[in-house]
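Computed from the coordinates by the stated procedures, all read-outs in this text should not be read as laboratory data. Fair warning: this is a prediction, and the values are worked out from it, not measured in the lab. Note that we place each Cβ from the backbone using ideal geometry, even for glycine, and neighbour counts take in every protein chain shown.
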Amino acid sequence: MIRTRNRGSGPATVVARPPARAAWRGPRPATNALPSTLDYAALPAAELRRRIVRRKKQLHAVLLGHNYQRVEIQDLSDYVGDSLGLSQQAAATDADVIVFCGVHFMAETAKILAPQKTVLMPDLHAGCPMADFVTAQALRRLKADYPDAAVVAYVNSSAEVKAESDICCTSSNAVRVVESIPRERPIIFVPDKNLARYVQERTGRDNIIAWEGYCYVHDDLVLDELEKAKRAYPHAKVVIHPEARKDLLERADYVASTSQMVELTEKHDALIIGTERGLVDRLRQRFPQKTLIPLSGAAICGNMKLNTLAKLTWCLDHVEHEIVLDEDVRRRAERALRRMLELSGGWRVPTKAEEEMDLAGARPRGCGCA
Ligand code: 13P
Ligand code: SF4
């Protein structure tokens with residue numbers, strides 16, 4: 001097996017399958033597979049779509065796509081969602097093959113939860129730079145400094161980091177996860193400092209030790225842009241992803257995961273949306289009659305956009321790139337993820353009465369998960 005090096009944001013645990021396949025008993029490459037992704041890129045989009053649908057059936061594959069994927073990939077996905085929803089789908093699917101269109105930690109999470117399945121991703125370089133902020137080794141050093149602390153790992157982290165953690169969380173359940181830990185117990189929270197600070201404020205805890213990581217897309221959203229958007233659309237509600245900075249979250253009507261943003265859009269006619277641009281474009285297509293304003297036109301996650309129809313077709317035809325994990329790491333990471341899944345599933349859009357209480361400051365704002 002060829003173990004790939006950590007190139008840029010691509011994690012070191014990825015293993016590329018070698019050309020010799022004699023001993024491999026999993027799904028086979030398509031007999032009409034083309035040699036390279038460039039060959040696929042030369043095909044018309046309609047032909048790529050046809051091939052994808054056919055190959056998915058042949059392989060008994062399910063296609064999971066994150067909300068930030070290109071629209072054409074979302075259109076072909078069997079399920080589109082946020083990190084929590086996608087991990088729940090991966091854990092529950094009866095497909096033989098999971099093709100993950102998202103970033104690396106998401107495909108890895110699918111493999112952790114569905115070890116018997118073949119998990120593929122179209123581009124190995126689709127990593128999450130925030131996840132790369134923390135390594136298992138660095139986390140072990142911090143744990144040694146705080147031996148009594150519980151470790152909460154945002155799912156935007158590698159399998160090795162999850163394996164060093166007590167419980168995982170996503171943007172939609174972080175408050176609930178932290179509240180499940182006894183109040184007096186210190187918490188090491190990795191790797192997102194913005195999410196850590198948000199959770200700290202929502203829970204009123206003063207014992208969260210936050211890692212210094214952040215998401216370059218959300219951390220770049222700035223207050224000036226929000227003020228401008230609010231002036232231009234004074235009736236619009238504001239929803240911001242919890243990976244954004246404190247000053248923005250303080251001015252938001254809702255703090256929400258990407259799928260929670262979709263739910264909120266179903267409910268409101270005008271929204272200013274502080275997250276990756278792709279989600280807003282998708283929502284505008286789906287709800288052309290609504291006023292949906294991206295907080296920043298420049299908020300693009302280049303990593304998510306590495307997945308294309310051509311690479312997806314290549315991936316299905318070649319049964320590449322497979323996620324392979326060390327079994328001990330996988331098992332320990334699964335424990336942290338399962339603990340999170342046991343606590344999850346309760347988020348909903350606040351009721352009218354709760355929203356009025358929110359506005360009156362009578363209950364904490366943001367996601368209804370806590
Ligand atoms: P969600 O779980 O809210 O989709 O967030 C994932 C992510 O990477 C946001 O940048
Ligand atoms: Fe990672 Fe940020 Fe991209 Fe989400 S938007 S995948 S946190 S870099």
**Prompt:** In this model, which of Lys111/Lys290; Lys162/Lys228; Lys237/Lys311; Lys162/Lys237; Lys117/Lys162 are farther than 29 Å apart at the alpha-carbon?
**Reply:** Lys111/Lys290; Lys162/Lys228; Lys237/Lys311; Lys162/Lys237
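Loop-only trypsin sites (Lys or Arg not before Pro) in region 24-61, please: DSSP not H, G, I, E or B, and at most 12 other Cβ atoms within 10 Å.
Working: sites: Arg25, Arg49, Arg50, Arg51, Arg54, Arg55, Lys56, Lys57; in loops: Arg25.
In loop regions of region 24-61 (DSSP not H, G, I, E or B), the sparsely surrounded trypsin sites (Lys or Arg not before Pro) are Arg25.
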**Request:** Can you bin the chain into rounded, prolate or oblate? Criterion: square roots of the alpha carbon gyration tensor eigenvalues sorted a ≥ b ≥ c, rounded for a/c under 1.5, prolate for a/b above b/c, oblate for the rest.
**Result:** oblate
**Request:** About the Cα centre of region 127-172, how large is the charge dipole given +1 on each Lys and Arg Cβ and -1 on each Asp and Glu Cβ? Please answer in debye to the nearest 20.
**Result:** 40 debye
**Request:** Using all C-alpha to C-alpha distances in region 30-103, build P(r) with 5 Å bins and read off the rounded percent in each one.
**Result:** 3, 15, 24, 24, 20, 9, 5, 0
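Semi-axes of region 221-298's equivalent ellipsoid from the Cα gyration tensor, sqrt of 5 times each eigenvalue, largest first, rounded to whole Å? Don't jump to the answer; show the numbers that get you there.
On the way: eigenvalues 60, 35, 26 Å².
Each semi-axis is the square root of five times an eigenvalue, giving 17, 13, 11 Å.
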**Asked** Charges only on Cβ, +1 for Lys and Arg, -1 for Asp and Glu: so what's the dipole of the chain about the Cα centre, in debye to the nearest 20?
**Response** 860 debye
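Please sort 328-335, 86-93 by packing, taking for each peptide the average over its residues of neighbouring beta carbons within 10 angstrom, highest first. Can you show the working numbers first?
On the way: 328-335: 18.0, 86-93: 20.0.
Per-residue mean Cβ counts within 10 Å order the peptides as 86-93, 328-335.
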**Charge-dipole axis of the chain as Lys and Arg at +1 and Asp and Glu at -1 on Cβ define it, positive-most pick from Ala91, Ala232, Cys301** = Ala91
**Asked** What is the distance in Å between the Cα centres of region 168-235 and region 248-304?
**Response** 18 Å
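Which net charge results when you count Lys and Arg as +1 and Asp and Glu as -1 among the other residues whose beta-carbon is under 12 Å from that of Leu312? Numbers along the way, then the final one.
Values: positive: Arg49, Arg51, Arg55, Lys56, Arg70, Lys311; negative: Glu72, Asp75, Asp123, Asp317, Glu320.
Around Leu312, the charge tally is +1.
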**Request:** Report the relative contact order of the chain, percent, no decimals, based on alpha-carbon pairs under 8 angstrom and at least 6 residues apart.
**Result:** 22 percent
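Could you work out the helix-only [θ] at 222 nm for the chain, with each DSSP H run of four or more residues adding -39,500 (n - 2.57) and the total divided by the number of residues, to the nearest 500 deg cm²/dmol?
Working: 17 runs with 152 residues, N = 370.
Only helices count here, giving -11500 deg cm²/dmol.
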**Request:** Specify which residue in the list Ala174, Ala196, Gln285 is farthest towards the positive end of the charge dipole of the chain, using unit charges on the beta carbon of Lys, Arg (+1) and Asp, Glu (-1), about the Cα centre.
**Result:** Gln285
